[in-house]
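The values are calculated or read from the model by the stated rules, or taken from the named source; none is laboratory data. This one's a predicted model, so the numbers in the text were calculated from it and none came from an experiment. Ideal geometry is used to build each Cβ from the backbone, glycine not excepted, and the neighbour counts take in all protein chains shown. These area figures cover heavy atoms from the full protein model, side chains too; ligands, DNA and RNA do not enter into them. Shrake-Rupley method; radii C 1.70, N 1.55, O 1.52, S 1.80 Å.
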Amino acid sequence: QVQLVESGGGLAQAGGSLRLSCVVSGAIFSSMGWYRQPPGKQRELVADITSSGKVNYVDSVKDRFTISRDNAKNTVNLQMNSLKPEDTAVYYCNARLVGAYVSDYWGQGTQVTVSS
(Lines give C-alpha, C1' and ligand atoms only; values in the text may rest on other atoms or scores of the structure.)
Protein backbone atom coordinates (compact mmCIF):
# COMPACT_ATOMS: atom_id res chain seq x y z
CA GLN A 1 0.00 0.00 0.00
CA VAL A 2 1.37 3.38 -1.00
CA GLN A 3 1.63 6.00 1.71
CA LEU A 4 2.93 9.55 1.59
CA VAL A 5 3.48 11.22 4.95
CA GLU A 6 4.27 14.92 4.93
CA SER A 7 5.81 17.06 7.62
CA GLY A 8 6.90 20.65 7.92
CA GLY A 9 5.07 23.72 6.76
CA GLY A 10 3.45 26.26 9.04
CA LEU A 11 3.72 30.00 9.33
CA ALA A 12 6.63 32.17 8.20
CA GLN A 13 7.28 35.82 7.61
CA ALA A 14 8.14 37.13 4.19
CA GLY A 15 11.83 36.52 3.56
CA GLY A 16 11.87 33.56 5.90
CA SER A 17 12.37 29.86 5.32
CA LEU A 18 10.48 26.62 5.77
CA ARG A 19 11.26 23.01 4.96
CA LEU A 20 8.83 20.34 3.82
CA SER A 21 9.56 16.64 3.99
CA CYS A 22 7.67 13.65 2.62
CA VAL A 23 8.32 9.99 3.38
CA VAL A 24 7.00 7.66 0.70
CA SER A 25 6.44 3.95 1.18
CA GLY A 26 5.01 1.13 -0.87
CA ALA A 27 6.86 1.48 -4.18
CA ILE A 28 9.83 2.95 -5.97
CA PHE A 29 8.67 5.98 -7.91
CA SER A 30 9.79 7.45 -11.22
CA SER A 31 9.51 10.95 -9.90
CA MET A 32 8.61 12.69 -6.65
CA GLY A 33 7.71 16.27 -6.10
CA TRP A 34 5.63 19.01 -4.57
CA TYR A 35 2.51 20.72 -5.81
CA ARG A 36 0.63 23.59 -4.21
CA GLN A 37 -2.88 24.96 -4.28
CA PRO A 38 -3.35 28.60 -3.30
CA PRO A 39 -6.76 29.67 -1.99
CA GLY A 40 -9.29 29.77 -4.82
CA LYS A 41 -6.80 28.56 -7.42
CA GLN A 42 -5.87 25.33 -9.14
CA ARG A 43 -3.18 23.00 -7.98
CA GLU A 44 0.17 23.65 -9.65
CA LEU A 45 3.53 21.96 -9.83
CA VAL A 46 6.18 23.57 -7.64
CA ALA A 47 9.10 21.22 -8.24
CA ASP A 48 9.81 17.61 -9.01
CA ILE A 49 12.81 15.33 -9.18
CA THR A 50 13.37 12.05 -10.97
CA SER A 51 15.07 8.98 -9.53
CA SER A 52 18.20 9.99 -11.46
CA GLY A 53 18.19 13.46 -9.91
CA LYS A 54 16.85 15.56 -12.76
CA VAL A 55 14.95 18.51 -11.28
CA ASN A 56 12.27 20.81 -12.56
CA TYR A 57 10.95 24.01 -10.97
CA VAL A 58 8.12 26.37 -11.72
CA ASP A 59 9.60 29.72 -12.71
CA SER A 60 8.20 31.56 -9.69
CA VAL A 61 10.29 29.52 -7.22
CA LYS A 62 13.55 29.16 -9.12
CA ASP A 63 16.55 30.34 -7.09
CA ARG A 64 14.44 30.30 -3.90
CA PHE A 65 13.31 26.70 -3.46
CA THR A 66 15.44 23.56 -3.58
CA ILE A 67 14.07 20.06 -4.00
CA SER A 68 16.08 17.05 -2.92
CA ARG A 69 15.52 13.34 -2.82
CA ASP A 70 16.98 10.51 -0.76
CA ASN A 71 16.38 7.33 -2.74
CA ALA A 72 17.63 5.10 0.08
CA LYS A 73 15.07 6.57 2.48
CA ASN A 74 12.44 7.23 -0.21
CA THR A 75 12.02 10.80 0.95
CA VAL A 76 11.64 14.07 -0.89
CA ASN A 77 12.31 17.45 0.68
CA LEU A 78 11.56 21.00 -0.32
CA GLN A 79 13.68 23.77 1.19
CA MET A 80 11.86 27.06 0.75
CA ASN A 81 13.88 30.26 1.21
CA SER A 82 13.06 33.91 0.62
CA LEU A 83 9.39 33.14 1.06
CA LYS A 84 6.79 35.52 -0.33
CA PRO A 85 3.12 35.98 0.62
CA GLU A 86 2.18 34.54 -2.78
CA ASP A 87 3.78 31.26 -1.72
CA THR A 88 0.87 30.80 0.68
CA ALA A 89 -0.89 27.56 -0.25
CA VAL A 90 -1.58 24.00 0.73
CA TYR A 91 1.44 22.00 -0.39
CA TYR A 92 1.02 18.40 -1.52
CA CYS A 93 3.64 15.73 -1.86
CA ASN A 94 3.37 13.77 -5.10
CA ALA A 95 4.84 10.44 -6.17
CA ARG A 96 4.50 9.25 -9.75
CA LEU A 97 4.86 5.84 -11.32
CA VAL A 98 5.43 5.76 -15.05
CA GLY A 99 4.92 2.47 -16.78
CA ALA A 100 2.26 1.33 -19.18
CA TYR A 101 0.27 4.17 -17.66
CA VAL A 102 0.92 6.99 -15.24
CA SER A 103 -0.18 6.68 -11.61
CA ASP A 104 -0.09 9.63 -9.23
CA TYR A 105 -0.16 9.36 -5.46
CA TRP A 106 -0.71 12.26 -3.09
CA GLY A 107 -0.02 13.25 0.48
CA GLN A 108 -2.68 14.77 2.68
CA GLY A 109 -1.39 18.32 2.21
CA THR A 110 0.30 20.73 4.57
CA GLN A 111 -0.49 24.42 4.97
CA VAL A 112 2.18 27.02 4.31
CA THR A 113 1.28 30.59 5.23
CA VAL A 114 3.60 33.50 4.58
CA SER A 115 2.79 36.82 6.20
CA SER A 116 3.94 40.15 4.84
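Checked against the criterion of being more than 28 Å from Ser116 (Cβ to Cβ), over 15 Å from the mean Cα position of the chain (by Cα) and either open to solvent by less than 40 Å² (accessible area, probe 1.4 Å) or modelled with pLDDT of 95 or more (or both), region 63-72 contains not a single residue that satisfies it.
One residue is enough: does region 8-17 have a residue meeting the conditions in a strand (DSSP E or B) and free of Cβ contacts under 8 Å to residues at least 60 places away in the same chain? No, because not a single residue in region 8-17 is in a strand (DSSP E or B) and free of Cβ contacts under 8 Å to residues at least 60 places away in the same chain. Among the residues of region 38-49, are any in contact with a Ser or Thr (Cβ under 9 Å, 6 or more places away or on another chain) and more than 18 Å from Gln108 (Cα to Cα)? The answer is yes, given that some residue of region 38-49 is in contact with a Ser or Thr (Cβ under 9 Å, 6 or more places away or on another chain) and more than 18 Å from Gln108 (Cα to Cα).
Of all residues in region 70-83, those that are in contact (Cβ under 8 Å) with a residue 40 or more places away in the chain have Cβ atoms under 9 Å from Cβ atoms of residues that are of a type in the set (Lys, Arg) and surrounded by 18 or more Cβ atoms within 10 Å (Cβ to Cβ), 6 or more apart or on another chain, in Thr75/Arg69; Val76/Arg69; Asn77/Arg69. Among the residues of region 98-116, those identified as small (Gly, Ala, Ser), under 19 Å from Gln1 (Cα atoms) and exposed (fewer than 15 other Cβ atoms within 10 Å of the Cβ) are Gly99, Ser103. Scanning region 10-56 for residues that are of a type in the set (Ser, Thr, Tyr) and under 16 Å from Ser82 (Cα atoms) gives a single hit, Ser17. For the residues Val24, Val112, Val61, the requirement of being among the hydrophobic types (A, V, I, L, M, F, W, C) and out of contact with any helix residue (DSSP H, G or I) (no Cβ under 9 Å at 6 or more places or on another chain) singles out Val24. Screening region 73-87 for residues that are of a type in the set (S, T, N, Q) and open to solvent by less than 30 Å² (accessible area, probe 1.4 Å) and picking the one that is modelled with the highest pLDDT gives Asn77. Total residues in region 24-59 satisfying the condition of being in contact (Cβ under 8 Å) with a residue 12 or more places away in the chain, part of a strand (DSSP E or B) and crowded, with 17+ Cβ neighbours inside 10 Å: the figure is 11.
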